[in-house]
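One structure is given below, encoded as structure tokens.
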Amino acid sequence: MEVKLKELLAISGYSGLFRFISQGRQGVIVESLTDGKRSLIPATAKVSAVADIAVFTQSGEMPLKDVLKKIETLENGGQAISPKSAEKEIRSYFEKAVPEFDKERVYTSDIKKIIGWYNLLQSKGLLEVLNQTDEEVKPEGEK
């Protein structure tokens, strides 16, 4: 399955990541990366493109793609710590991967989600999407 970074979505209230399939009249049709099931997500749901998500750092924001690359480098492409680990373990692990993250504004729940997403992409062999260039990431029609 060929997946592009611009197709990856995070949906508030749903766990995991999704691949954009099509725009429907009632919302968007997505496919879960976890189990491959397709669903119609209502237009009222908060849907975020992974390419648009960023993490607060001491000097501004770092795109999620770059955060995931730092975890990949730390793990040499292997699995990260379990997102179900203790809070202290998770925060110290994330600090190793992204030392410049803003400890006040980035919550443990955010870190757990990011680590879970990384592990999902890694387990599905999709980490190569992190190496796509910005031209490949921009939605169709945008320059």
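The values are calculated or read from the model by the stated rules, or taken from the named source; none is laboratory data. None of the values given here were measured: they were computed from a predicted structure. Cβ coordinates were reconstructed from backbone atoms using ideal geometry, including for glycine residues, and neighbour counts include every protein chain displayed.
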Q) Of (1) surrounded by fewer than 19 Cβ atoms within 10 Å (Cβ to Cβ); (2) closer than 23 Å to residue 96 by Cα, residue 12 satisfies all except one. Which? A) (2)
(Q) Looking at (1) closer than 22 Å to residue 130 by Cα; (2) among the polar types (S, T, N, Q); (3) surrounded by 14 or more Cβ atoms within 10 Å (Cβ to Cβ); (4) not assigned by TED's automatic domain parsing to the domain that holds residue 95, which one does residue 57 not meet, given that it meets all the others? (A) (4)
**Q.** Pair list, Cβ under 6 Å, 6 or more apart: segment 98-113 residue surrounded by 17 or more Cβ atoms within 10 Å (Cβ to Cβ), other residue basic (Lys, Arg)
**A.** 98/70
Q: Just need a number here: residues in segment 102-143 that are part of a loop (DSSP other than H, G, I, E, B) and at pLDDT 75 or above.
A: 10
Q | Filter result (among the charged types (D, E, K, R) and either in contact with a helix residue (DSSP H, G or I) (Cβ under 8 Å, 6 or more places away or on another chain) or under 24 Å from residue 109 (Cβ atoms) (or both)) within segment 8-36 | A | 19, 35
Q.
Condition first: within 13 Å of residue 14 (Cβ to Cβ) and hydrophobic (A, V, I, L, M, F, W, C). Now tell me which residues in segment 30-58 satisfy that.
A. 30, 33, 40, 41, 45, 47
Q: Scan segment 30-61 for residues that are more than 18 Å from the chain's Cα centre (by Cα), within 22 Å of residue 102 (Cβ to Cβ) and not polar (S, T, N, Q) and report the count.
A: 1
**Q.** Residue that is of a type outside the set (Phe, Trp, Tyr), in contact with a Leu (Cβ under 7 Å, 6 or more places away or on another chain) and modelled with pLDDT of 95 or more, where the choices are 86, 97
**A.** 97
Q) Mind checking whether some residue in segment 50-66 is touching a residue at least 12 places away in the same chain (Cβ under 8 Å), touching a Lys or Arg at 6+ places or on another chain (Cβ under 6 Å) and of a type in the set (D, E, K, R)? A) no
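Test residue 2 against the stated conditions and say whether it is farther than 21 Å from residue 127 by Cα and either surrounded by fewer than 15 Cβ atoms within 10 Å (Cβ to Cβ) or in contact (Cβ under 8 Å) with a residue 60 or more places away in the chain (or both).
Details: farther than 21 Å from residue 127 by Cα: no; either surrounded by fewer than 15 Cβ atoms within 10 Å (Cβ to Cβ) or in contact (Cβ under 8 Å) with a residue 60 or more places away in the chain (or both): yes.
No: the conditions fail for residue 2.
For segment 12-37, give me the residue count where each residue is part of a strand (DSSP E or B) and closer than 18 Å to residue 113 by Cα. Break it down stepwise before answering.
Of segment 12-37, the ones part of a strand (DSSP E or B) are 18-23, 27-32.
Those left that are additionally closer than 18 Å to residue 113 by Cα: 18-19, 32.
Of the residues in segment 12-37, 3 are part of a strand (DSSP E or B) and closer than 18 Å to residue 113 by Cα.
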Q. Given 92, 85, which one is of a type outside the set (Asp, Glu), farther than 19 Å from residue 127 by Cα and assigned to a loop (DSSP other than H, G, I, E, B)?
A. 85
Q: Out of 68, 40, 9, report the one residue that is aliphatic (A, V, I, L, M), part of a helix (DSSP H, G or I) and modelled with pLDDT of 95 or more.
A: 68
